Amino acid sequence: MIEWLGIGHLFELSRTEAILGFFTPLAVFAVFFLAQLILPGRRLTGYVINPETGEPRSYRLNGLLVFALALVAWAFELTGMPRDWFYRSSVYAVAGGTVVAAIVTVLAVFSQPQGKVRNPILTLWFGRAQELAFFKERFDVKMYLYVVGGTMLSLNALSGAAYHYELFGEDYNPGVFLYAAFFTFYILDYCIFERVQLYTYDLIHENLGFKLFWGCLVVYGWLFILPLWGMAVYPDPGFSPPWTYVWLIGTTALFLFGWGISRGANMQKYMFKQWPDRTFLGLIEPRYIEVGDRKILCSGLWGVARHFNYMGEGFLALSIALSFGYFTNPWAWTYFVFIVSLFTYRQLDDDKHCAEKYGADKWAEYQARVKYRIVPGIY
């Protein structure tokens, strides 16, 4: 079965290496914990209200510094691990990371008061607490999860590219390096605009349960590179030089197009939350529906579709699938299928939260003004 799937190379570790791979996530999580706790950061307020003070929560952010140091440590093998280690050990790391996530979930969930959900399985999955912070709020669990998961996504993609080059040498597939570059740019962009994360779905709506712990630490950090599990063992697809340029340049353009939509939409919402009457990019006047002291933005990118940023993520995922040059290989499409499924579900859940937050009448008014959910003219 493993050989039929084309991932036999990920099970070639010795017994000792397999054990080290299993415990690699634990070591990674501990190092990131110390890094985020010790390294300097800037403190910003977010959107979520602290129920104890009635004021917006304060977050200490240093993701860019942590990410940069992690890249340097990986590139120069300062940890003693070869550059392809994260990729070669990824199956065992997923197993070990899942165990760690499960243990942390139990501690995080059952250390908190009983919430509305009584079913223990659902409680573990969704969690009880929306936020957890320690050391006088110097360390915030959610921001830690995003930095660890994002950084490991980049390092795993780069590690897979290193493995690929060792395997094929001059017959390497340039799309594998493009794939690693896409994710590294994606995480760098996140770290540069880390403050925008304070106004996104995860921070506002998600609780700290297995869904978030496992999703950030393991799925985001290791399983987002699932296409690479199958595609790292394929050489250059062998296109002619003109078609190679069309493929690589076209895929990059598609990626940047999707990134522009996603980043632009998130930045417009962030600016609107911070400065409701400011013109976005000097061009887009804010138009909104007032709901008491709250406002629903419905102009610019948020007037095109109610979750237009998710369409940007869809184009990003499509560029990931096309980057390998093997357009009919199912492995190349695994990330795309996951992202489309995730955001199709999430926009439904987000609509439900917004209807409760703003009231059914006002949300219906917004839906009448912005008719499409994600894709203008289609859905």
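Some notes on this structure:
- Environment charge of Leu61, counting only residues whose C-beta is closer than 10 Å and scoring Lys/Arg +1, Asp/Glu -1: +2
- In the chain, the longest principal axis of the Cα atoms and the axis of helix 308-322 are about 10 degrees apart.
- Helix 63-75 axis, angle to the chain major axis (alpha carbon atoms, nearest 10°): 0 degrees
- Near Leu39, once Lys and Arg are set to +1 and Asp and Glu to -1 for all other residues with Cβ below 13 Å from its Cβ, the sum equals +3.
- Over all other residues within a Cβ to Cβ distance under 15 Å of Pro120, the charged ones net out to +4, with Lys and Arg as +1 and Asp and Glu as -1.
- Cleavage-rule hits, chymotrypsin sites (Phe, Trp or Tyr not before Pro), segment 111-169, DSSP coil, Cβ neighbours within 10 Å at most 16: Phe135
- Tyr59 long-range amide H proximity, modeled H, under 5 Å: Leu44, Thr45, Gly46
- Each residue of segment 251-267 is assigned a 3J(HN,Hα), and the resulting list reads 5, 5, 4, 5, 4, 5, 5, x, 4, x, 5, 5, 5, x, 5, 5, 5 Hz, derived from the Karplus form 6.51 cos²θ - 1.76 cosθ + 1.60 (θ = phi - 60°), x at Gly and Pro.
- Ranking Ser14, Ser319 by solvent-accessible area of protein heavy atoms (1.4 Å probe, all protein chains present), from largest to smallest, gives Ser14, Ser319.
- Here the Gaussian network model covers the chain, with springs between Cα atoms less than 10 Å apart; of Val99, Val117, Val31, Val117 fluctuates the most.
- Once the Cα-Cα distance is subtracted from the 0.36 nm per residue extended length, the His353 to Ile192 segment shows a gain of 55.1 nm.
- Helix 360-369 vs. the chain, principal-axis angle (Cα, 0 to 90°, nearest 10): 70 degrees
- Residue pairs, from the table Lys116/Lys357; Lys211/Lys362; Lys116/Lys371; Lys273/Lys371; Lys116/Lys142; Lys116/Lys269, whose Cα atoms sit over 28 Å apart: Lys211/Lys362; Lys116/Lys371; Lys116/Lys269
- Averaging over all projection directions, the Cα-based convex hull of segment 3-81 occupies 8.9 nm² in the image plane.
- Computed [θ] at 222 nm, helices only, for the chain once each DSSP H run of length n ≥ 4 contributes -39500 (n - 2.57): -19000 deg cm²/dmol
- Most mobile listed residue (Leu78, Leu217, Leu254) in the chain, GNM with C-alpha springs under 10 Å: Leu78
- Solvent-accessible heavy-atom area per residue, rounded to whole Å², over segment 232-379 at 1.4 Å: 51 Å²
- Excluding same-chain neighbours fewer than eight residues apart, the aspartates and glutamates reachable from Lys295 by a Cα-Cα span under 12 Å are Asp277.
- Across the protein chains, with a 1.4 Å probe defining accessible surface, the residues His205, His164 rank His205, His164 from largest area downward.
- Qualifying trypsin sites (Lys or Arg not before Pro) in segment 68-143, where qualification requires a DSSP coil assignment and no more than 10 other C-beta atoms within 10 Å, comprise Lys116, Arg118, Lys136.
- Volume of the convex hull of the chain (Cα atoms only), normalised per residue: 164 Å³.
- The slack between Phe135 and Ile249, meaning 0.36 nm per residue of separation minus the straight C-alpha distance, is 36.3 nm.
- Taking each residue as 0.36 nm, the span from Ile103 to Val117 lengthens on full extension beyond its C-alpha to C-alpha distance by 3.0 nm.
- Choice from Asp202, Asp277, Asp293 showing the highest fluctuation, given a GNM over the chain with Cα pairs closer than 10 Å: Asp293
- Long-range HN-HN contacts of Ile284 with modeled amide H, under 5 Å: none
The values are calculated or read from the model by the stated rules, or taken from the named source; none is laboratory data. Values in this document were obtained by computation on a predicted structure and should not be read as measured data. Backbone-built Cβ (ideal geometry, glycine too); neighbour counts: all protein chains shown. Just the protein is used for accessible areas: all its heavy atoms, side chains included, with ligands, DNA and RNA removed. Shrake-Rupley method; radii C 1.70, N 1.55, O 1.52, S 1.80 Å.
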